[in-house]
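The values are calculated or read from the model by the stated rules, or taken from the named source; none is laboratory data. This is a predicted model, so every value here is computed, not measured. So basically every Cβ, Gly included, is an ideal-geometry build from the backbone, and we count neighbours across all protein chains shown. Protein only, heavy atoms only, side chains kept; ligands, DNA and RNA dropped before computing areas. Shrake-Rupley method; radii C 1.70, N 1.55, O 1.52, S 1.80 Å.
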Amino acid sequence: MSLTAYLKAEPNFFVGNIIPEMIGVCIELLVIIFVLDKWQKREEKNKSIKVERRLREFLIFFLKHNFKDFPPSCQPGNFYGEDHQQNQECIANLISNIEQNGLKECAVLQVQSYCESEKEIFNNLIPVASDLTNDHFKSWVRIAFFMNAISAKSETTSHASVKILQNIKRFDDESHKSGLYVGA
């Protein structure tokens with residue numbers, strides 16, 4: 001059609017009508033591509049936030065189930081992503097408390113029992129964690145490793161618990177840095 005218009009139309013028809021129309025179509029196409037790209041990135045971030053929230057629920061359950069007898073300064077509270085500073089301080093206090101005093105016998109048994117029953121869930125969630133950032137993935141793999149080590153009794157429960165807590169802290173820190181948490 002463009003060739004017919006060029007050959008049979010008036011001398012300035014192509015330059016005066018067709019080129020501006022083609023430029024307009026190209027600009028509209030670029031705007032549509034830009035909008036779709038922004039929409040897709042927003043959807044990907046929302047998906048990542050949902051994944052992070054699901055993984056965080058398992059970490060919350062680990063913290064609340066195993067360390068409920070520790071002093072209030074060591075209690076992580078809700079452990080939501082928006083409470084990053086409080087989360088970091090509480091886990092640091094908990095790590096410090098365990099390093100200084102060790103774990104009591106009842107806490108050791110509780111952690112061992114928890115790791116034995118939940119290790120497969122943490123192992124199965126490794127591919128889910130890989131959908132987030134590299135540090136999320138590394139943290140999750142190390143948490144699963146030390147849970148397996150506690151279950152197999154290849155590491156002391158106190159040492160492995162500290163390593164798990166350090167990686168939970170790293171997971172929370174990465175969520176905060178990358179803005180992948182509910183309320184970000």
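Restricting attention to region 142-157 and to residues that are small (Gly, Ala, Ser) and surrounded by fewer than 18 Cβ atoms within 10 Å (Cβ to Cβ), the residue that is nearest to Ser96 (Cα to Cα) turns out to be Ser154. Selection of first residues in region 92-110 that are farther than 16 Å from Phe62 by Cβ and of second residues that are open to solvent by 60 Å² or more (accessible area, probe 1.4 Å) and of a type in the set (Ser, Thr, Tyr), restricted to Cβ pairs under 8 Å at least 6 apart or on distinct chains, gives the following pairs, ordered by first then second residue: Asn93/Ser73. Looking only at region 34-49, decide whether some residue is under 25 Å from Met147 (Cα atoms) and either assigned to a helix (DSSP H, G or I) or of a type outside the set (Val, Ile, Thr) (or both). Yes, that holds for at least one residue.
Among the residues making up region 26-76, those that are free of Cβ contacts under 8 Å to residues at least 24 places away in the same chain and β-branched (Val, Ile, Thr) are Ile27, Val31, Ile32, Ile33, Val35, Ile60.
Residues that are surrounded by 16 or more Cβ atoms within 10 Å (Cβ to Cβ) and of a type in the set (D, E, K, R): find the helices (runs of 4 or more DSSP H) completely inside region 55-135 holding 3 or more of those. Break it down stepwise before answering.
Working: elements: 84-101, 105-124, 126-129.
In region 55-135, no matching helices (runs of 4 or more DSSP H) lie anywhere.
Testing Ser139 on (1) open to solvent by 30 Å² or more (accessible area, probe 1.4 Å); (2) of a type in the set (Ser, Thr, Tyr); (3) in a helix (DSSP H, G or I), one condition comes back false. Which one is that? Unmet condition: (1). Residues of region 164-181 that are among the charged types (D, E, K, R) and surrounded by fewer than 18 Cβ atoms within 10 Å (Cβ to Cβ): Asp173, Lys177.
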